[in-house]
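Input: a single structure, listed below in structure tokens.
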Amino acid sequence: MRRPQLEDEPTKLKRAKTLLTFVENNGCTYIKIGQAASVREDIIDSTYAKELSQLQDRVPPFDSTLAKSILTSEIGSISSRFTKISDAPVASASIGQVYKATTVDGKEVAVKVRRLQLFFTVDSRKLTTFCSSRHFDPRRYSAQMLLMSSLSTST
């Protein structure tokens, strides 16, 4: 059964891009949820799924100054371990990013720095109950609204 159109295509695409930006800007937990949602066209509209699918292989890096600050807090002085570390990451993913480095004894290595984020947990019972209720109409809720309604902060 085909769903009725609630948004015209330009509006839907604009909202899907906004959702992608929201997910990218809110860190690793949101990115992981966005990656999972991108393959579930039975739950979200294909326009949203297509935009979120960019998270499968194109996660923007976070600031290298912040990454090096995180690295320093974890290992101490960077110069005591590495003679050289790349200014920009060579790869970026939902959990962290990778820098090319040379250790003080001359070995070429990859250094992975985890993203510094406030972590969220998804209350799957709450989300399942909400999505299973007879009052839930998937055409009226964006993926962002569904995710936000099922997130809770944790430390």
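The values are calculated or read from the model by the stated rules, or taken from the named source; none is laboratory data. Because the structure is predicted, anything quoted here is derived from the model rather than measured. Don't worry about glycine lacking a Cβ; one is built from the backbone with ideal geometry, like all the others, and counts go over all protein chains shown.
Miscellaneous remarks
- Here GLY34 passes the criteria (1) small (Gly, Ala, Ser); (2) part of a strand (DSSP E or B); (3) in contact with a Leu (Cβ under 7 Å, 6 or more places away or on another chain) except the one numbered (2).
- The condition (being crowded, with 19+ Cβ neighbours inside 10 Å, small (Gly, Ala, Ser), modelled with pLDDT of 90 or more and under 19 Å from the mean Cα position of the chain (by Cα)) is satisfied by just one residue among ALA37, ALA67: ALA67.
- Every residue from the stretch 44-64 that is of a type in the set (Asp, Glu) and under 18 Å from the mean Cα position of the chain (by Cα): GLU51, ASP57, ASP63
- Those residues of the stretch 61-80 which are of a type in the set (D, E, K, R) and assigned to a helix (DSSP H, G or I), in sequence order: LYS68, GLU74
- In the stretch 81-109, the qualifying residues are those that are assigned to a loop (DSSP other than H, G, I, E, B) and acidic (Asp, Glu), and the one that is surrounded by the fewest Cβ atoms within 10 Å (Cβ to Cβ) is ASP105.
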